[in-house]
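Please treat every number below as a calculation from the coordinates, not as lab data. Worth saying up front: this structure is predicted, and the values here are computed from it rather than measured. Positions of Cβ are backbone-derived with ideal geometry, glycine not excepted, and every protein chain shown enters the neighbour counts.
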Amino acid sequence: MHDKERGIVPAGSWDPVEAAALETVGGPVVDARSGEFVRRIRTPRSAWTLRVVTAGDDGRRLAVSHWNKLHKGLLVAALVRERPRIGSVRALVEWARSNALGLEVVGDRALDLVV
């Protein structure tokens, strides 16, 4: 299947693009797709992965599975509503926190949305 059929869309645009074209995007690229889609079509090395987690009583982070899409959708909906100019992952995290979204950098090219 062609990348355009997978719905890869850069921020600020509604036009699907080839995965390779994401390397030319002026801001951070966040891959919010499920693991199955990531395995089928890899994103550029510069992309950040996003997972939805909750903090357990012992502080460990546990993956959210059932409500995963809802929480990713809330993040994307806020981005679409506000259309902030974000030039870095740090700016994205700061914007998310100012909108009561628990987005955190957790590793090399990895983000957690803590719900």
Seminar exercise, completed: Placing each pseudo-label 7 Å from Cα in the direction of the beta carbon, Ser34 and Asn99 end up separated by a distance in nanometres of 2.4 nm
Problem set entry | Under 5 Å, built H, 5+ apart or other chain: amide partners of Leu103 | Arg97, Val114
Problem set entry | Cβ crowding within 10 Å averaged over residues, with 53-62, 29-38, 82-91 ranked highest first | 29-38, 82-91, 53-62
For this session: Compute log10 of I(q)/I(0) for segment 73-115 with the Debye formula, placing one identical point scatterer on every Cα and leaving out solvent, at q = 0.21 Å⁻¹, to two decimals.
Result: -0.65
Exercise. Roughly speaking, what is the stretch gain from Thr24 to Arg85, that is 0.36 nm per residue apart minus the C-alpha to C-alpha distance, in nm to one decimal?
Worked result: 20.3 nm
For this session: Determine the distance separating the Cα centre of segment 67-115 from the Cα centre of segment 31-45; give it in Å without decimals.
Result: 18 Å
